[in-house]
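Step one of this worksheet: look at the structure below.
Please treat every number below as a calculation from the coordinates, not as lab data. Just so it is clear, the structure is predicted and the values come from calculations on it, not from any experiment. Counting neighbours? That spans all protein chains shown, and the Cβs are built from the backbone with ideal geometry, glycine included.
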Amino acid sequence: MSQHPQHPQPPQERPQVVYQQAPSNGLGVAGFVVSLVGFLVCGGLVCPIGVIMSAVALGREPKGFAIAGLIIGLLGSAWLVIFFIFFGFAALAGAAGP
């Protein structure tokens with residue numbers, strides 16, 4: 001039997017795993033939350049604030065929550081305007097009375 005001489009193996013480098021945090025847009029998330037709360041809870045009263053926050057957040061990446069907040073905020077703001085127009089005319093008609 002012949003023995004093979006063992007050659008020392010060079011130490012193998014392990015690949016380093018680098019975890020990179022996903023980018024976030026805090027202002028976009030905040031605008032989304034304010035718009036959603038305004039739409040669902042406050043009847044659209046704080047939706048214009050959510051619209052402003054989301055519009056500013058559109059300049060940052062990622063834009064998903066900013067776009068969603070802008071859409072919800074615009075819908076809530078439109079609801080608020082329609083509400084005030086309807087009840088404003090109703091109040092004026094009631095004040096004019098017979």
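Ranking SER35, SER24, SER77 by Cβ neighbours within 10 Å, fewest first, what do you get?
Numbers: SER35 30, SER24 12, SER77 21.
The fewest-first ordering by Cβ neighbours comes to SER24, SER77, SER35.
Let me test this: with uniform point scatterers at the alpha carbons of the chain, what is the Debye-based log₁₀ I(q)/I(0) at q = 0.14 1/Å?
Debye output, listed in q order: -0.65.
Could you work out the relative contact order of segment 26-96, using alpha carbon pairs under 8 angstrom and six or more residues apart, expressed as a whole percent? Please report the intermediate quantities before stating the final value.
Values: 120 pairs, mean separation 25.1, N = 71.
Across segment 26-96, relative contact order equals 35 percent.
With a point put 7 Å past each Cα toward its Cβ, work out how far GLU13 is from VAL37 in nm, to one decimal.
5.0 nm
Report, to one decimal in Å, the Kirkwood hydrodynamic radius for segment 27-74 based on all distinct Cα pairs. Walk me through the numbers before you get to the answer.
Numbers: mean 1/r = 0.1050 Å⁻¹.
Here the Kirkwood hydrodynamic radius works out to 9.5 Å.
Equivalent ellipsoid semi-axes for segment 55-98, as square roots of 5 times the alpha carbon gyration tensor eigenvalues: give them largest first, rounded to whole Å.
Working: eigenvalues 287, 10, 2 Å².
After scaling each eigenvalue by five and taking roots: 38, 7, 4 Å.
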